[in-house]
Amino acid sequence: MTTTLLTGITDLVTNDPTQAATGAEDAFLGRLRDAAVVVDGARVAWVGPADRAPAADTRVDLGGRTVIPGFVDSHSHLVFAGDRAEEFDARMAGRAYEAGGIRTTVAATRAATDEQLTANVARLVAEMHRQGTTTVEIKSGYGLTTRDEARSLAVAAQFTPETTFLGAHVVPSGTTPEAYVEEVTGPMLAAAAPYARWIDVFCEEGAFDVDQARTVLAAGAAVGLRGRLHANQLTYGGGVLLAAELGLAAVDHCTFLSDADVDALADSGTVATLLPGVEFSTRQPYPDARRLLDAGVRVALASDCNPGSCYTSSMPLCVALAVREMGMTPAEALHAATAGGAAALLRDDVGVIAPGRSADLVVLDAPSYLHLAYRPGVPLVAGVWAAGRPLVGAPHTGR
């Protein structure tokens, strides 16, 4: 198998605390200057100072650029059809976002063919790749029938192993919450489970209450699906406490938190996934990441790419918003968007650049990772490798 030496790296963020570094922030990020990486097939084989790099079959000179781990986007809703730009326009004119808007996308998604849904996911995943995302979680949730939820997950599974059954997104028209929960936990779950790794519930006013969420999560666990949860996005509620009680991998949004919520997250180890693109797109208050971090809560950042409340696929934008609006340092935001996302997906092979891990690497056309937040909106991603395979950019290689 061919080995490749990546050299000419001015700033390397590994997220590996064993890497030699000076200062607390550099140690936190496993940051190296004037570094090199050797890739062997799909895996990282060696990391260290450029002047100590071993020989390799092929050499790539990155010309003084920065290398970071691929972004791990642990929350997205990419299987959909239609457009809600008019809803966004109305919201920017002063109308508050409400969960009912989801039903607009449900109608369009049900009417779309499998080929149309697949093409739209392919477009969005390619868009994510161009912005440095190498691992993405994709939810269902815009079908809300047994057939449409199963086919949504079958589409998603073509693009990622991190697929999430979100049949409990909202209660569709023409049924009651009680009857719909029975469907979600019965025939819908049976049809969806073969294509899913995770199960999720929108535990929120206007969607599903704590007892209903508990029922859905328990049914998923019984067939081997790991749990995650949408909670506390629109108001204070019991969703975060439920996630902590059940020891879920992650609870997402976390916009409105009580002291008890924060304490429970810190004690449980459940990752708080923050989605700043939502607040940017809805004008809600931003989550207080500083409060969570200071309490010892593990934090992830994700895009929540969806056609209604947050139609961005840009993890660099999420990093910049987290720094500007949520009290995170650039180092904390980058770590949350890489290693934090990996933790939210219970993955230890991504989000870090270290021997034996997946060779998921992003090259930034910048002298340091700080430019992600320092230069918001600028297309800094110059190259992307996922499992050692180039997705974006074609740096010069030489023997």
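The values are calculated or read from the model by the stated rules, or taken from the named source; none is laboratory data. Worth saying up front: this structure is predicted, and the values here are computed from it rather than measured. Here Cβ is always computed from backbone atoms with ideal geometry, including for glycine, and neighbour counts include all displayed protein chains. The protein model used for the area step is the full one, side chains on, heavy atoms only, and it has no ligands, DNA or RNA in it. Shrake-Rupley method; radii C 1.70, N 1.55, O 1.52, S 1.80 Å.
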Loop trypsin sites (Lys or Arg not before Pro), the stretch 247-332 (other Cβ atoms within 10 Å of the site Cβ: 16 or fewer; DSSP): R283
Once the dipole of the chain is set up with Lys and Arg at +1 and Asp and Glu at -1 on Cβ about the Cα centre, which of A35, T163, M128 lies farthest towards its positive end? A35
Prolate/oblate/rounded call for the chain, Cα gyration tensor, a/c under 1.5 rounded: prolate
Run the simple label-point estimate for D263 and R283 please: 7 Å along Cα→C-beta, distance reported in nm. 3.6 nm
So if each residue of separation counts as 0.36 nm, and I subtract the Cα-Cα distance between T2 and V378, what length gain in nm does that give? 132.0 nm
Output the peptides 368-376, 27-35 sorted from most to least packed, where packing is the average of other Cβ atoms within 10 Å over each peptide's residues. 27-35, 368-376
Tell me, what is the per residue accessible area of the chain in Å², probe radius 1.4 Å? 38 Å²
As an exercise, use a Förster radius of 25 Å and the Cβ-Cβ distance of A42 and D114 to find the FRET efficiency, rounded to the nearest 0.05. 0.30
Per DSSP, the loop-located GluC sites (Glu not before Pro) within the stretch 87-190 having at most 15 other beta carbons within 10 Å are E98
Among bridges DSSP assigns within the chain, what percent are antiparallel (round to 5)? 45 percent
Fully extended, how many nm does the chain gain between R33 and A218 (0.36 nm per residue separation, minus their Cα-Cα distance)? 61.9 nm
Cα-based Rg/(2.2 N^0.38 Å) for the stretch 292-364, rounded to two decimals, is 1.16
Starting from 0.36 nm per residue, how many nanometres of slack lie between A122 and E245 once their C-alpha separation is accounted for? 40.6 nm
Mind giving me the nanometre distance, one decimal, between the label points for Q158 and T18, set 7 Å out from Cα along Cα→Cβ? 4.0 nm
For the stretch 72-141, listing trypsin sites (Lys or Arg not before Pro) in a DSSP loop whose Cβ sees at most 11 other Cβ atoms within 10 Å gives R95
Carbon plus sulfur, as percent of the 1.4 Å-probe accessible area of the stretch 250-399, comes to 51 percent
Taking the chain and counting helices only, DSSP H stretches of n ≥ 4 at -39,500 (n - 2.57) each over all residues, the nearest-500 ellipticity at 222 nm comes to -9000 deg cm²/dmol
